[in-house]
Amino acid sequence: MNLGLKRDEVRLEPHTIEWQKEFLRVKQGILNSTPIKENRIEHIGSTAIKKMVAKPILDLVVGVDVIENVDKAILQGLKETGFLRLRVQRPNEIILAKFTDETYEEKTHFIHLVEYKKALWKNLIFFRDYLNSNETVRDQYSNLKREFVKESNGGINEYTNYKEQFVREIYKKRI
């Protein structure tokens, strides 16, 4: 299993069971290094969706009580497991990443630190579960991702924007 993408690279890989195994390995590291409870660590994103093509980066969502005052023990524990806080500014979310080496050129994992069971947590989990249970929608999403790669030479921001309307439509189904 090769995880990792260079800055602004967009590449899709076929689904592999190795992604789930890697999630379980990383989750155990987080449990060993932080006070986070097991039910607050979930595998999300396309690597968590069966039969889904995905960028070879593992996404996790980690739930905390209040995002504005995350316990320093949590951030320190995540750092000990190899996750570094990124400068990305998003409302109600802290983003951390793991890299292949100290050049910090290639990311392999993301943690989305969000408030547990609040709207963003619920949307991320719902999206994963909805696509896992709906083959037609899963195929539509896979095709959308493949279209971008085939037709575009854009980077990660363009890729995210290209998929945004589809993702928002799925989130609306939760409400």
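The values are calculated or read from the model by the stated rules, or taken from the named source; none is laboratory data. As the structure is a computational prediction, the values presented were derived from the model and not from experiment. Here Cβ is always computed from backbone atoms with ideal geometry, including for glycine, and neighbour counts include all displayed protein chains. These area figures cover heavy atoms from the full protein model, side chains too; ligands, DNA and RNA do not enter into them. Shrake-Rupley method; radii C 1.70, N 1.55, O 1.52, S 1.80 Å.
The table for this structure:
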item	result
Filtered residues of region 58-71 (kept if open to solvent by 10 Å² or more (accessible area, probe 1.4 Å) and either closer than 20 Å to Phe148 by Cα or touching a residue at least 24 places away in the same chain (Cβ under 8 Å) (or both))	Asp59, Asp65, Val66, Ile67, Val70, Asp71
Test for Lys107: is it in contact (Cβ under 8 Å) with a residue 12 or more places away in the chain, open to solvent by 20 Å² or more (accessible area, probe 1.4 Å) and in contact with a Phe, Trp or Tyr (Cβ under 7 Å, 6 or more places away or on another chain)	yes
Hits in region 110-130 - residues which are in contact (Cβ under 8 Å) with a residue 40 or more places away in the chain, surrounded by fewer than 16 Cβ atoms within 10 Å (Cβ to Cβ) and over 15 Å from the mean Cα position of the chain (by Cα)	Lys117
Tabulated pairs, region 12-33, first within 18 Å of Asn132 (Cβ to Cβ) and free of Cβ contacts under 8 Å to residues at least 24 places away in the same chain, second among the polar types (S, T, N, Q) and surrounded by 16 or more Cβ atoms within 10 Å (Cβ to Cβ), C-beta under 9 angstrom, 6+ apart or interchain	Thr16/Thr47
Boolean, Leu113 is within 29 Å of Lys37 (Cβ to Cβ) and in contact with a Ser or Thr (Cβ under 9 Å, 6 or more places away or on another chain)	no
Among the candidates Phe127, Phe166, Phe110, residue that is assigned to a helix (DSSP H, G or I), in contact with a strand residue (DSSP E or B) (Cβ under 9 Å, 6 or more places away or on another chain) and at pLDDT 95 or above	Phe127
Residues (open to solvent by less than 50 Å² (accessible area, probe 1.4 Å) and of a type outside the set (S, T, N, Q)) located in region 131-153	Leu131, Val137, Arg138, Tyr141, Leu144, Lys145, Phe148
Pick from region 1-24, criterion open to solvent by 80 Å² or more (accessible area, probe 1.4 Å) and in a loop (DSSP other than H, G, I, E, B), ranking: modelled with the lowest pLDDT	Met1
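Okay, residues lined up against (1) among the charged types (D, E, K, R); (2) outside any loop (DSSP other than H, G, I, E, B); (3) farther than 23 Å from Glu106 by Cα; (4) at pLDDT below 95:
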site: Val26; (1), (2), (3), (4): no, yes, no, no
site: Asn32; (1), (2), (3), (4): no, yes, yes, no
site: Met52; (1), (2), (3), (4): no, no, no, no
site: Glu68; (1), (2), (3), (4): yes, yes, yes, yes
site: Lys79; (1), (2), (3), (4): yes, yes, no, no
